[in-house]
Amino acid sequence: MNASSKQRSPHSRSTKPINLALQGGGAHGAFAWGVMDKLIEDGRLVIDGISGTSAGSMNAVVYAYGRTTGGADGAREALEKFWKAVSDSGQRYSMVKQIFQNPFSFGMEKSFSNSSPSPSFEAMKFLTDSFSPYQLNPTNWNPLLDLLNSQVDFDRLNQCKETRLFLSATNVRSGKVRVFNTHEITAATVMASSCLPHLFQAVEIDGEHYWDGGYMGNPSLFPLFYNTTAGDVLIVHINPIERDNVPQSPSEIYDRVNEVTFNSSLIKELRAVAFVQKLLDEGWLKDEYRDQLRYVRIHSLRADKALADLNAASKFFSEWDFLTMLRDRGRDYAQQWLDENYSDVGKRSTVDLRAEFLNSGSEQAPLQSVNAASPPAKKNNAEKPRKKKATGTTKAITKPLANPVAKRISKDR
């Protein structure tokens, strides 16, 4: 990072608070690194809270530690240093490289486009489908654990006041999401949030075992609603939600199942947010209950186009050129998002959740009570949604924030 890139933007004197929701996705998390790098460099948004899963958890932890120790520049430097260490470690310890680095590999690890499935990745998948990590890795060795401990002082991170952190993991026993807050975060909790069960043994914390948080919260949004002061949430997607083509080959089907699986929990939570917005907008709640719900402004930086050319195998690639390519894509998309949506932050959503997630079948019908009683007696005079030209980073505009009331949330939901 050169000296000029460290200079703060002239816009930094006028800032707005925002929360980030960072999806997981292995090496594709470098795209979110680029998004964060551009947001920090721009300086007009102050990150109040971050909810992360898997690679999103790693980005969140490294950002918060760098911010605590070195301010905005420290955060950018910490993220770059972390991803460089990931690349260096991957060159030594990548499972694909360890198993298939031989004269017959023919550089197939480099094949990451959807049209070019990687035979070496398919072979690795076959191996992990046939043997569990308790058989393949009985000592439970994970190079990422040492890497994280070398990059982050977790005792100091636990004292971080600048940004609130919420890391999601899936409780293997209960099947519920477990959210770890800033003061609870250790290298083990980050490993739990990132634990793919076909590759690594479940991570034990306080007698409970955890797998990757992506199964139940990728990422979890609810901690940001009632535990931060910012009323805006920017979701940084890693897994494309929509695809134009129907997958037909085994690798294409595997890739699409991977995307659908790791988007399902987020989509369900967004549907719940849309329903709460509908209740507030249309005056269905009694006055004594209105202030118990918070109207959150949602923003979205989608990966449908940004990462459409990448397959699931590329989530395991760690070449520095590949990671920096993803970083640069993230920076470009973040700049586009800022150009188109910064003025809306603090005023209105830039995602029409109803159109996106409440537009299937009977859900389009007007909300009615069980006994089909008369329409609600009261309407909210929130401003009507206004449309924006589609750009790939935004869909439409919804409504402003109602008066929030802080509530406690369950850690294990």
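The values are calculated or read from the model by the stated rules, or taken from the named source; none is laboratory data. Just so it is clear, the model here is predicted, and its values are computed rather than measured. No Cβ is skipped: glycine too gets one built from the backbone with ideal geometry, and neighbour counts run over all protein chains shown. These accessible areas exclude ligands, DNA and RNA; they are computed on the full protein's heavy atoms, side chains included. Shrake-Rupley method; radii C 1.70, N 1.55, O 1.52, S 1.80 Å.
Numbers at a glance
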read-out: Single condition ASP412 does not satisfy, out of (1) at pLDDT 50 or above; (2) open to solvent by 20 Å² or more (accessible area, probe 1.4 Å); (3) not small (Gly, Ala, Ser); value: (1)
read-out: Only one of LYS305, LYS286, LYS278 that is free of Cβ contacts under 8 Å to residues at least 12 places away in the same chain and among the charged types (D, E, K, R); value: LYS286
read-out: Of residues in the stretch 226-278 being touching a Pro at 6+ places or on another chain (Cβ under 9 Å), hydrophobic (A, V, I, L, M, F, W, C) and over 19 Å from SER314 (Cβ atoms), the one surrounded by the fewest Cβ atoms within 10 Å (Cβ to Cβ); value: ILE235
read-out: Residue tally, condition modelled with pLDDT of 95 or more and surrounded by fewer than 22 Cβ atoms within 10 Å (Cβ to Cβ), over the stretch 9-30; value: 2
read-out: Only listed residue being in contact (Cβ under 8 Å) with a residue 40 or more places away in the chain and touching a His at 6+ places or on another chain (Cβ under 8 Å), chosen from LEU234, LEU199; value: LEU234
read-out: In the stretch 161-182, the residues that are modelled with pLDDT of 95 or more and in a loop (DSSP other than H, G, I, E, B); value: THR163, VAL172, ARG173, SER174, GLY175, LYS176
read-out: Residue within the stretch 292-310 that is of a type in the set (Asp, Glu) and in contact with a strand residue (DSSP E or B) (Cβ under 6 Å, 6 or more places away or on another chain) present; value: yes
read-out: Search result, residues across the stretch 343-365 that are assigned to a helix (DSSP H, G or I), modelled with pLDDT of 95 or more and open to solvent by 30 Å² or more (accessible area, probe 1.4 Å); value: SER343
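Matching residues to (1) of a type in the set (S, T, N, Q); (2) part of a helix (DSSP H, G or I); (3) surrounded by fewer than 17 Cβ atoms within 10 Å (Cβ to Cβ); (4) at pLDDT 95 or above:
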site	(1), (2), (3), (4)
ALA32	no, yes, no, yes
LYS38	no, yes, no, yes
SER51	yes, no, no, yes
MET58	no, yes, no, yes
VAL62	no, yes, no, yes
THR69	yes, yes, yes, yes
ALA75	no, yes, no, yes
SER89	yes, yes, yes, no
